[in-house]
Each structure stands twice: as C-alpha cells, then as structure tokens.
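Novice: Provided herewith is a single structure, encoded as structure tokens, for subsequent inquiry.
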Amino acid sequence: MNKVIRDLLSRKTFIFSIVVILFFAAIALLAPVLTSYNNPYQVSQQFVAAPYAVPAWATIFPQYHDLPPDVRLTLTPVSASGVTPVNSSFVKITVPAGGEVNVSYPIRWNWSSPYNVILSFILVPPATSDFNVNLYMNNINIMELSPVPIPPAVSVTLGKPNSITFSSQTINPSNSPYVNSLPFQDQPLASLEFPKAVLPRPGMYYLVISLQNTGNSPETFLLSNPHYTSLGYAYGRLGTDDNGGSVFSEFVYGARFDLYLALVASVLIIGIGLIIGLLAGYVGGFTDLTLNALTDFFLLIPGLPLLIVLISIFDLTGVIVNVNKAVLILLIISFLSWPGTAKIIRGQTLSLRSRTFVEASRALGEGKLRILFRHIVPNLMGILFAQLAYDVPGVILAESGLDFLGLGIIGFPTWGNMLGFATNDLSFANGFAWWWVLPPGIGIILLSTAFYYFGTAMLDVLSPYKLRGE
Amino acid sequence: MSEVIFEESTDTLLEVNSLKTYYTTKTGYVKAVDDVSLFLDRSKVLGVAGESGCGKSTLVTTIFRVMPRNARVMGGEVKFKGQDLLKMDLKTFRKEIVWKDIAYIPQASMDVLDPVYKVKDQMLETILAHEDVSRAEAMERIFRTLESVGVPQEKADMFPHELSGGQRQRVVIAMALLLNPSMIVSDEATTALDVITQAKILELMKSLQESRKFSMMFVTHDLSLLANVSDSIAIMYAGKLVEFGDVEKVFSNPLHPYTQLLIKAIPDLRVRKQKKLVAIPGFPPDLENPPKGCRFAPRCPLAMPVCSEKEPEFSKVEGFHYVACHAVNKK
Amino acid sequence: MSLLRYLTKRIAERIALLFGIIIFNFIIFQVLPTIYGVNPAELYVPLTYKGLPRSELVQALDNQFGLNLPLDERFFVYMKSLLTFHLGISMSYQQPVISLIEARFPVTALLVIPSLILSTILAIVLGLYSISRQGKVGDVAVSFTSIMTYFIPAFWLGEIVLYFFGFYLRIFPTNLAEAITSSNGHTLVGVAYWVDLLKFLTLPILFITVISYGVRNILFRNNGVELMGSNFVNYLRARGIDDRKILYKHITRNAVIPVVTRVGIDIAFLFAGVVFIEDIFNIPGLGRLLVRGAENLDVPLLGGDFYIISLFAVIILLALDLIYPLIDPRVKYE
Ligand SMILES: Nc1ncnc2c1ncn2[C@@H]1O[C@H](COP(=O)(O)OP(=O)(O)OP(=O)(O)O)[C@@H](O)[C@H]1O
Ligand code: SF4
Ligand SMILES: [Mg+2]
C-alpha cells in the first residue's frame, strides 16, 4: 500500500489532480461559510453591487483602479453655530426667525462615480409649518422636504420623527428638484446620471442639509446623522453578473451542485455498468450476447441529440411536472452513459475469468458467486475507481450543455447556467465580463482534466495485472 | 585484467571488452551488464547462457545499439573486425555494419514484424536500406533465401499474423541471411516454440552456419541447447560473466558453482526415469543493489567469508577455460 | 472466405442496429406519450392550422396515420413511414421535415468535413512531434493541451471566440444572412454564394478543429509511444532501418488505425457533435434544427431529425466496417 501511495505521489499529474479536486471539493463543502448568498438568481439576492462589477482585487489593474466598492457611511456634521449635538447620533439645530442654517456633512470620495446613491436619516421638524428643508450634494439641490408638498417637494409630518430616504434609483421629476432641472429629454436617464453629477471624481464632497425658518419665531430641528450607501463597481472575489448577483456565490454553489450531481451520476453509471458488465462477462453465453448487443446499441445512438429529445419529450408528456428536474437529468444522463463502463468491465471480467487463480478456485469447487465476489470484483476495483473518475467530466459536460441550451436546470446557479447566461450576455455593449464568463469554463476544464488524470493514475497504479512499464 | 582471455582467440571477429551497460531508473542504476568481456572467432559459434534477467538481451542490444531509452553504456568497447562499434557514427553503423556484417535473429513473437506490411515488403525494405539493387533482384534474393530456410515462396505474400510460429521464426532467420553477414546474433530464437519445432529450427540454424560459415552468437537461457551447437560457452550471472571457455571443457568440467548447478538442472532425456529436477534455490539478486563481493554468494553452496568481501577475479584454469570464483582460484 | 463472413456479420449487425433505432424511436415518440395518457397525434399537430381547430387536425391525422390504432399495429405503420422518409410536417416551420433536413444537410456537411480533415491532420502532425520527443517538455505540453481541449465546453469557448473574432476584432462575418447577401441586398448565387458561405464558416470550422483534434492526438500519440517500445520497432532499428522511416512509415501506419476508427465514429456522430456549434454560430444546420425543435417542442421535427441523425450514423459505421479490413489486415481473423 505504501508503495502505491509513493508511486502516486511521484506523478506530477496526480498531484495536480489531487490539488484541483480538493480545492473544488473544499469550496463545494464550505459554500455556506464562504458566502451568504445561496442563490443569486433570486431577486432578493441580486444587486449586492452594481451589475457587471469587477472583482475587488481587479482594481490593481490601471483600467479599473478607481472603481468604487460598495460604500456605507454614517456622516457627521462639521460643527457650526446653532448646531448642537444631542447624543452621538442626533444634533439639534435652532434656526432663528426668518433665518437659515446649513448643516454640512463632508464625504471623502476616493473613486469614480458609484452605481447609485442612497441617503437616509431621521428628521424631526418643528410643529409649525413655517419651514423648508433642502438637501444639496456637490451643490446640486437633490431633494426638498416641505410641509406643503408642491412637487418636486416631498411632504413631512410636523413635529414627529420622519424617516427620510433618498435613493437615486427612484428619483423622478416629482420627487427631486435635480430631475426637474434637467432638460426634458434627459429626465428618463436621471437615475443613471445622478451619481456622475454628485460624485463625479475623487475628491471632497459635501452633503448639505439646509434648514429654513420662514416663520417669525426661532424653530428647533432634530436631525440624525445621515447614512450614506452606494453600490460600487468593484465587488467581492469575482464581481457581479448582469443583475448585480455575486458571481463568486454562483460559482461556489455551482461547483457544489455540479460535483454532487457528477458524483451521484457517476456512481449510478458505475453501478449499472458493473452489473451489466459482470453479468455479460461472467455468465457469458446468451446473456453475454444480449447484453453486449444492448451495450453496443446504446454506445452507438448519438447521445446528445437523444438527450435533447428525451428531455423535450418528458417535458411534453408532463413527466417533468411530477419529478424534480435535477433528478430527471441525473437519471437520463446515467441511463445514457453506462455503456462505456459496461464494456470495460465485461472485458476485464472475461480476462479475469480465465486467469489461473480463478480457474484454480473453480477446480477447487468454490461457488460461482463466491468466486465472483472473492476474486473478480476485488480485482476490478482499480478499474472501477478509474472509470468513476473518467465518468465525472462526461456528466459535468453533459449537464452543463443542457443548462446552456436552456433545457436543463432553471432557477439556481450551476456552472452550465453560468456559462449560458454569461455567454448570452457577451455583446459589444456590455463588453467582456471576464470575471463572469471565464470562471465556470475554467472550472469545468480544470475539474475535468483533474478527474481524467486522477483516473489515469488510479488505473496505472491499481490495476492488478499491470505489465511492468518500462 | 580480463584481457587475458583474448589470448585464446585465434581469428577474432568480435571482441567485447569490459562492457558496462546500465539502466537508469528513478532510484539508481540497474547494472544489467557489468564488466563483461568475451570474444567470438570467425566461423565459430559462441553460446551465451544464464537465468532470465541476467543481462543477456542487454548485451545483445548494446552490440546492435538498440538499447531501451533508459540504457547507458558506462564503459568498455565492442570491437568488430577491429573497429569499436560503440564509437562509430550511428548512421554509418546502421548503414554499413548492421545487417551487412552483423545480423540479428530475435525471438519471433507475434509482434516481431510490422503487422500491417506483407512479409516480402519488410524483407525488401531491409535489403534496400543497405544495398543499391533493383527491386527484381532483391525479390529474387528474398525468394531464394526463404526457400533456403524452408518457407514456401507464396508465404512472402502474407501478413505476419497469417504465419505459424515456426514459419515466422524461419522468416526471421531468412531476414538475417538476406545480406550474407559474417556474424549472426540470435537471442532466444527458439524459446517460444514447441519442442519439436525448436529442434528443427536449431538444426536449421546449425546447418546454415556450417554451410555459410558465418559466426554466431547464440543466446539462450537453456544451457542444454548449447552442447551440440556451440564451440565456446559464456555463462552469465546477474550481469557478470562467471565462466567462459571451450564447450567441451565447460560441459565436462564445469567449475563455477553456478554452472555446475545449471548443468545439473538439465533434464537428461536419454534417461527414461527422469532424474529429479534440480532447481537452484533462491532468486537472482536485485541488479540495482547487487551483493558485495561475488554476486552469487547468497545462493552459493560453497560460499566462503571472502566471497562476500572481494569480487572474484576472472582467471584462467587451463587452456581455454576461464572462471571467476574464489573457490576455484584458491586451488 | 473469412473476409466474407466478417462482412456479412457486420452488415447484419448494422441492420439490427437500424431496427433497434426504429424501435427506440417508436418507444420514445409513440409508446411513452401513450403511457402518460397523451394521444401521440396531439404531439404532431399545432394548436390551430388554417383555421381548423386542433381536435379536427388530430382526427385527420389519426385517420391518415393510424395513430389511434393499438400500439402493435401502429408500430408497422410507424416503421413504414420512417423507412419511406415520411417524417411529417414541422409545426414550427410548417414545412415537411424531410425538406427541412435536405436543405440543412449540405450546410452541416460543409461545416464538418473540412474541420474533420483539418483536425485529423493536426492530430497526426502534433502526434508525430510528441512521439519523436517522447517525455520531453514539448511532448508534455502538447499532450496536456490536447487533453484540456478535449474537456473545453464547446459552447463556452465558442461564444468567446465568436465575441473576439467576430464582434471585437471583426475578422469574420458573424451573421449568415449578411454574409451571403451582396452589398445591394440580393442573395448571392453560384460561386460567390459558396465562397461567402465558406468565409462565414471559417471561424466555426477552425473552432471545431481546435476542440476536436485532442482525442485523436492523444490516441495517436499514446499508440505511437507504445509502438516505439514494441518488438517490431526494435527489430526494425536492429535491421538498420532509418529512424525517420520507422516513424513516418511504420509507426504512423500502425498508430493511425485507432485514429481512423475514431474519425469514423466522429463522422457517424457528426451532426450530433455540432449541435452546440451550430447553435452558437447561428449556422442553419441539422444540429440547430434539432435545438429549434426542442425549444418549440416540435415533435415531428425532433423525431425526424433524430431519426436521420441516427440513420446517418448507422450508414457511416457500416462504411467504416467495410473499409476496415483494408486498414488493419488483422481484422479478418478476429
Ligand atoms: N528498460 C529497462 N529499465 C530498467 N531495467 C531493465 C530494463 N530492461 C531490462 N532491465 C533489467 O535488466 C536486467 C537484464 O535484463 P535482460 O533483458 O538483459 O535479461 P535477459 O538475460 O535477456 O533475460 P531473459 O532471459 O528473460 O530474456 C533485468 O533484471 C531487467 O529487469
Ligand atoms: S566466489 Fe564464492 S560465492 Fe562466488 S561462486 Fe565462487 S565460491 Fe561461490
Ligand atoms: Mg532476453
């Protein structure tokens, strides 16, 4: 045994395959720990950053270097007369009659414009209706709050805490003076233009909340420190897809599904192949003839078209409604993939059957079943292992192909789905979202190659009657 | 030191001098041929015998310069007609020496000939690789040679797999005769055949050798075959030459304990009541880490303390009879 | 004599295979729906056609094709229709399936045959390089690349290639309609049509070449390396035959045998293999037809296309069987 392991470890290809397989197995197993989004195809898990955000580490490249990350800030005002802190998060502002106090919140912005801007704070206006509140950012009037809401002003309740939220994604001519100030034809694009207007480039910017007292006695306002949030163009380990979903989460959960499916399917394939191959090889005679013909038949009908046809027919006849699609795909792929394994097992069984030690056991009167399980099956282990490894890439590729064509799994990320969506989205307009397009493909290639080399190493090392390779 | 043996040579054709051929493996060197010296005179037959794995084939492939990729010649020379074959330009060697002067008869296993070309095409290719003759002339020679080894002409039109084992062996012998070489090396040429065919092929080779007067190096692991065929005998054990001498002398007076055991192990066909077959106990050593001193020591019934200390020298006993053994040298 | 036996045996086997495929089609397209309580006729008619409601269409089909006959009788009707190429009318194209297939056959052939030749040549040339440099860096790199290309998801790399060469660098036309239309808007005819079609197909052809040479390369290389250490090669070398001659004549001739088998199987599964490529590059061939059939759940089209693809595979496999004895003289005696 020790020698087997030493032999394995002396192969570079085996080391490569082990490293790759362990890596993917680890991310598949640890998926819930690695990411908090388990299905970025759900609307609730989208827009964790801007669509097509590059990976955070990609900002080391010059063309991405000033892309903003997701930003979340609590702004604190610069001290000014009439502004007195109440506690750590509220300030009290007293505005003299007919006067105006500006509360300025500095924002240190180190990047190019973000995807959106969201501001939220709590305002407790005075109980009288003689006031007006305006929000400015980069000297642009972005919002107006007033007890008498004439659009674009937004209403506030007097004397009570008001939760105010400004979101650049929901601005329109009736809720933002900024949109109103744009030429008419530009107004529909206001949401997109807004971040560029208020945070055009790195620098120091101010959010100014201007409180106006139009009455004739001093008024008091309470204002919480505003929260600033914006989605950025640089996100996480692998950026985002077209819906702002985390590509890393998709990749990790895709790996989880693909590996799981591939292993289960491979075990099924091996199971069917083993039974048919053993029966054909060991029983022989008419059984062998029939099973061999059946194997050849399945080996010779074109697999992919059949797969497509079967899935469609099941779809049509309504079978799919009753069965989980993943299970169905698993069954069909297994059902179409066993012949190769069966053929190899049959060949090996045939050759084992005529070996001296098996003949000897037979001469000694050992039972058929006993011979089968004592002498033949154990000697097939190496091949079974190798075949298992060889089957995995086939399953992954077949499943991905179906997903890619839109005939497979829908609703949660698989590598095939990622490939499909990412490549469908390749166009001149969107550019080449390499962080989204490349990982699933590279994942499939690496994992397949690794399993292939793993199988080859197993076959070399474990097959019992290996010739001395010189 | 072993140069002494060359004094026995009267009309040297081939002289192998202190040849070392090692195989490199992941863990070291397999010393398959280690300091072997022997010679072959014109028109004589040299038998080389030894257990499986003792390095006979390695010796042969070194002479023909067709060793496996991981083999290295670590020293020594192979002189043929005075020229060192190992130092020759490989191209010249292949074109001018091989087959014209020295030919090779391998064991004609199933795959010794290219399975997809007809027998005659492979023979033709061999002639044309060395000689500038017309096709017709070459074909003529092929048919003649095939006839001389007892293969009907029409077999030339067949594919190798369509021949029987014996026919295939004859074809391979004919192949060696195509260019009338002065020396033929046969490596286990009769091993895979049944006893009767084996005897016929052996007879054929002997008669060919006698009529055509080529020298022959006859390599086998079956010592019994050599008694009637060869003029001198070289016994190899674990990469070393252990006994070398006139066939009469070696058979009538085997001196090395290994040779003695080998001869004892030959079943005597004349005695009806088969003598008990004597197998040599133990296994040949690992050639990567051969035992110190005499390599036969672990299995030798006569082993002495000195045997596992010092390597025995190859020395003359009397006449053309040399042996490397402390027990013999002491006397 | 034994050659004759070999050939009869093979022909019989292939006919049995064809028969098996027909049965298989029958099970999928007729038995399966029946089991699930769906009248197969319903799968063959669109919701409405020329104003006639579906139920009438179904009845008409039933009368014409005996779809309401018991399964055993229906089988013969079905077999006859397949053997006489009466494959029905496509619901999504509203054309006879057989004429759709006829129109697409040459396109797929034009796509596949050049790439088949190119990739085989590439496989052998790289294989010869690997064999002559066995175990060295060049060999390892070539083999590793071949194995990788084998596992590249065709649809994925295809899209990327299309994006870069078609959209980004604009080296190749990406739209068939544009490619075969002259600047003044008329569809090209004659030589110009084929030239432009081929220009459009260049990218997919090269692409198929790259993703399909791997298997053949590995087959050829491994076989060649094994042969390099074989007895007959050793004996050839011992006979003083030139190394180059051994490589180019003997090794190549022997190592090419499994490659020929493989190429044969590849041709047989030709149309199956190009499903993705046709889908990606928007090539109106048989593979794409199948995907369209699947997308629209167009049963006559699916069934017909699948049958023709299988039939083609059987024919090519038979042809391969017939020429095989010429390639490997040992086969007659197996
Ligand atoms: N390519 C190789 N690499 C490493 N070791 C080798 C190689 N070829 C042969 N050997 C070893 O070298 C030794 C000599 O082998 P060789 O083939 O010369 O023996 P032999 O005497 O011809 O045996 P046989 O009678 O079985 O033909 C053996 O121990 C063998 O295991
Ligand atoms: S040297 Fe010693 S061990 Fe070797 S053969 Fe002679 S007696 Fe035996
Ligand atoms: Mg040998």
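Read-outs: derived from the displayed coordinates by stated rules, not from any lab. Predicted model only: the values in this text are computed from it and were never measured. For neighbour counting, all protein chains shown are included, and Cβ atoms are generated from backbone atoms with ideal geometry for every residue, glycine included.
Novice: Beyond 30 Å between alpha-carbons counts as too far, so tell me which of B:Lys200/B:Lys316; B:Lys120/B:Lys206; C:Lys199/C:Lys249; B:Lys56/B:Lys264; B:Lys87/C:Lys249 fall in that bin. Walk me through the intermediate numbers first.
Specialist: On the way: B:Lys200/B:Lys316 36 Å; B:Lys120/B:Lys206 25 Å; C:Lys199/C:Lys249 36 Å; B:Lys56/B:Lys264 21 Å; B:Lys87/C:Lys249 28 Å.
Check vs 30 Å cut-off fails for B:Lys200/B:Lys316; C:Lys199/C:Lys249.
Novice: Can you give me the angle between helix A:285-300 and the longest principal axis of chain A, using Cα atoms only, in degrees from 0 to 90, rounded to the nearest 10?
Specialist: Roughly 30 degrees between the two axes.
Novice: Next question, about the same structure. Can you list the residues of region B:113-132 with backbone N under 19 Å from a point 7 Å past the Cα of B:Glu154, pointing along Cα to Cβ?
Specialist: So the set is B:118-121.
Novice: What list do you get for A:Val437, C:Val77 if you sort them by fewest beta carbons within 10 Å? Could the numbers behind the result be given before it?
Specialist: Numbers: A:Val437 22, C:Val77 14.
Least crowded to most crowded, the residues run C:Val77, A:Val437.
Novice: Once the Cβ-Cβ distance between C:Ile35 and C:Ser55 is put in as r, and R0 is 25 Å, what FRET efficiency do you end up with, to the nearest 0.05? It would help to have the intermediate numbers written out before the result.
Specialist: On the way: r = 22 Å, r/R0 = 0.88.
That pair, C:Ile35 with C:Ser55, gives E of 0.70.
Novice: Once the Cα gyration tensor of region C:106-290 is diagonalised, what are the square roots of 5 times its eigenvalues, in whole Å and ordered largest first, as equivalent ellipsoid semi-axes? Can you show the working numbers first?
Specialist: Values: eigenvalues 296, 52, 41 Å².
Taking √(5λ) for each eigenvalue gives 38, 16, 14 Å, largest first.
Novice: Region B:104-178: Rg/Rh from Cα coordinates, Kirkwood Rh? Walk me through the numbers on the way to the answer.
Specialist: Numbers: Rg = 11.2 Å, Rh = 12.1 Å.
Across region B:104-178, the Cα-based Rg/Rh ratio is 0.92.
Novice: Next question. What are the GluC sites (Glu not before Pro) within region A:346-450 that DSSP puts in a loop, where the Cβ has at most 16 other Cβ atoms within 10 Å?
Specialist: Answer by residue number: A:Glu366.
Novice: Further question: Starting with the fewest neighbours, write out A:Phe286, A:Phe24 ranked by other beta-carbon atoms found within 10 Å of each beta-carbon. Don't skip to the answer; put the middle values down first.
Specialist: Values: A:Phe286 8, A:Phe24 20.
The fewest-first ordering by Cβ neighbours comes to A:Phe286, A:Phe24.
Novice: Please report, to one decimal in angstroms, the Kirkwood hydrodynamic radius of chain A built from all distinct Cα-Cα pairs. Don't jump to the answer; show the numbers that get you there.
Specialist: Details: mean 1/r = 0.0363 Å⁻¹.
After inverting the pairwise mean of 1/r, the radius is 27.5 Å.
Novice: Here is a further query. Residues of region A:104-144 with backbone nitrogen within less than 18 Å of a virtual label 7 Å along the Cα-to-Cβ line of A:Leu158, please, listed as ranges.
Specialist: Flagged as within label range: A:123-133.
Novice: Dividing the convex hull volume of the alpha carbon atoms of chain C by its residue count, what do you get in Å³ per residue?
Specialist: Details: hull volume 64.1 nm³, N = 334.
That works out to 192 Å³ per residue.
Novice: Another one. Tally Lys/Arg at +1 and Asp/Glu at -1 over every other residue whose Cβ is under 11 Å from the Cβ of B:Ser52; what's the total?
Specialist: Numbers: positive: B:Lys56; negative: B:Glu51, B:Glu188, B:Asp222.
Counting the neighbours of B:Ser52, the net charge comes to -2.
Novice: Can you check what the net charge comes to around A:Lys12, using other residues whose Cβ is under 15 Å from the Cβ of A:Lys12 (Lys, Arg +1; Asp, Glu -1)? Let's see the in-between values first.
Specialist: On the way: positive: A:Arg6, A:Arg11, B:Lys26, C:Lys136; negative: A:Asp7, A:Asp460, C:Asp139.
Once positives and negatives cancel, what remains is +1.
Novice: Sticking with this structure for a sec: Which of the lysines could a cross-linker bridge to C:Lys9, judged by Cα under 19 Å and excluding same-chain residues fewer than eight apart?
Specialist: C:Lys332
Novice: Hey, what D do you get for region C:56-181 in µm²/s if you plug the Kirkwood alpha-carbon radius into Stokes-Einstein at 25 °C and 0.890 mPa s? Please list the in-between numbers first.
Specialist: Working: Rh = 20.0 Å.
The calculation lands on 123 µm²/s.
Novice: To the nearest Å, what is the center-to-center distance of region A:201-270 and region A:378-450, using C-alpha atoms only?
Specialist: Their Cα centres are 28 Å away from one another.
Novice: I would also like to ask the following. Rounded to the nearest 0.05, what FRET efficiency do C:Leu4 and B:Glu137 have when you use their Cβ-Cβ distance and R0 = 35 Å?
Specialist: In this case the efficiency is close to 0.40.
Novice: Over all alpha-carbon pairs of region A:292-351, lay out the pair-distance distribution in 5 Å bins, whole %, shortest bin first.
Specialist: Spelled out per bin, shortest first, that is 4, 17, 23, 20, 14, 11, 7, 3, 2, 0.
Novice: Can you compute the modelled spin-label distance between C:Lys245 and A:Ile150, with each label point 7 Å from Cα toward Cβ, in nm?
Specialist: My value for the distance between the label points is 10.6 nm.
Novice: Run the quick spin-label model on C:Arg330 and A:Lys368: label points 7 Å from Cα toward the beta carbon, then report their separation in nm to one decimal.
Specialist: Simple spin-label model gives 3.3 nm for this pair.
Novice: Only counting other Cβ atoms within 10 Å, I'd like A:Met418, B:Met110, C:Met228 sorted with the fewest neighbours first.
Specialist: On the way: A:Met418 28, B:Met110 13, C:Met228 18.
The order, fewest Cβ neighbours first, is B:Met110, C:Met228, A:Met418.
Novice: For chain A, please report how many Lys pairs fall under 25 Å Cα to Cα, leaving out neighbours fewer than 8 apart on the same chain. Intermediate values should be presented prior to the final figure.
Specialist: Numbers: A:Lys3/A:Lys12; A:Lys3/A:Lys466; A:Lys12/A:Lys466; A:Lys92/A:Lys160; A:Lys343/A:Lys368; A:Lys343/A:Lys466.
Counting lysine pairs in chain A gives 6.
Novice: Full extension from A:Asn324 to A:Thr128: what is 0.36 nm times the residue separation minus their Cα-Cα distance, to one decimal in nm? Let's see the in-between values first.
Specialist: On the way: separation 196, 0.36 × 196 = 70.56 nm, distance 6.24 nm.
Separation in residues times 0.36 nm, less the Cα-Cα distance, equals 64.3 nm.
Novice: Where both partners of a DSSP beta bridge lie in the protein assembly as shown, what percent of those bridges are antiparallel, to the nearest 5? Mind showing how you got there, number by number?
Specialist: Values: 85 of 107 bridges.
Taking every DSSP beta bridge within the protein assembly as shown, about 80 percent pair in antiparallel fashion.
Novice: Please report, in Å, the Rg and the Dmax of chain B, where both are computed over Cα atoms only.
Specialist: Just the Cα atoms of chain B yield Rg and Dmax of 20.3, 67 Å.
Novice: Same structure, new question: What does region A:87-161 give for Rg and for Dmax, in Å, if only its C-alpha atoms count?
Specialist: 14.2, 42
Novice: Relative to the longest principal axis of the C-alpha atoms of chain A, give the angle of the C-alpha long axis of helix A:325-353, reported between 0 and 90° and rounded to the nearest 10°.
Specialist: Roughly 30 degrees, rounded to the nearest 10.
Novice: Same structure again: Of B:Lys20/B:Lys292; B:Lys79/B:Lys292; B:Lys118/C:Lys245; B:Lys20/B:Lys240; B:Lys44/B:Lys100, which sit over 21 Å apart, Cα to Cα? Show your work: numbers first, answer last.
Specialist: Working: B:Lys20/B:Lys292 17 Å; B:Lys79/B:Lys292 30 Å; B:Lys118/C:Lys245 17 Å; B:Lys20/B:Lys240 10 Å; B:Lys44/B:Lys100 18 Å.
Too far apart for the 21 Å limit: B:Lys79/B:Lys292.
Novice: So what's the net charge close to A:Thr214: Lys and Arg +1, Asp and Glu -1, counting the other residues with Cβ under 10 Å from its Cβ? Please report the intermediate quantities before stating the final value.
Specialist: Values: positive: none; negative: A:Glu100, A:Asp130, A:Glu219.
Local charge sum for A:Thr214: -3.
Novice: Considering the Cα trace of region A:253-301, what is its radius of gyration and what is Dmax, both in angstroms?
Specialist: In order Rg, Dmax, the Cα atoms of region A:253-301 give 14.6, 48 Å.
Novice: Now, a different point. Based on the Kirkwood radius over alpha-carbon pairs, what value in µm²/s does the Stokes-Einstein equation return for the translational diffusion coefficient of the protein assembly as shown at 20 °C and 1.002 mPa s?
Specialist: My calculation gives 58 µm²/s for D.
Novice: Computed over the Cα atoms of region C:286-334, what is the convex hull's projected area averaged over all directions, in nm²? Spell out each step's value before the answer.
Specialist: Details: hull surface 17.0 nm².
Quarter of the Cα hull surface area: 4.2 nm².
Novice: Rounded to the nearest 500, what is the 222 nm mean residue ellipticity of chain C from helices alone, with -39500 (n - 2.57) per DSSP H run of 4+ residues and division by all residues? Kindly include the intermediate steps, with their values, before the conclusion.
Specialist: Details: 16 runs with 235 residues, N = 334.
Calculated from helices alone, the mean residue ellipticity at 222 nm is -23000 deg cm²/dmol.
Novice: Just from its helices, what would the mean residue ellipticity at 222 nm be for chain A, if runs of 4 or more DSSP H residues each count -39500 (n - 2.57) and the sum is divided by every residue, rounded to the nearest 500 deg cm²/dmol? If you can, show how the numbers build up before the last one.
Specialist: Details: 15 runs with 220 residues, N = 470.
Only helices count here, giving -15000 deg cm²/dmol.
Novice: Divide, for region A:71-230, the radius of gyration over alpha carbons by 2.2 N^0.38 Å, where N is the residue count. Present the calculation step by step, with values, prior to reporting the outcome.
Specialist: Values: Rg = 15.3 Å, N = 160, 2.2 N^0.38 = 15.1 Å.
Output field value: 1.01.
Novice: If R₀ is 45 angstrom, what is the calculated FRET efficiency for the pair A:Val267 and C:Leu311, using the beta carbon separation as r and rounding to 0.05? Intermediate values should be presented prior to the final figure.
Specialist: Working: r = 34 Å, r/R0 = 0.76.
E between A:Val267 and C:Leu311, to the nearest 0.05, is 0.85.
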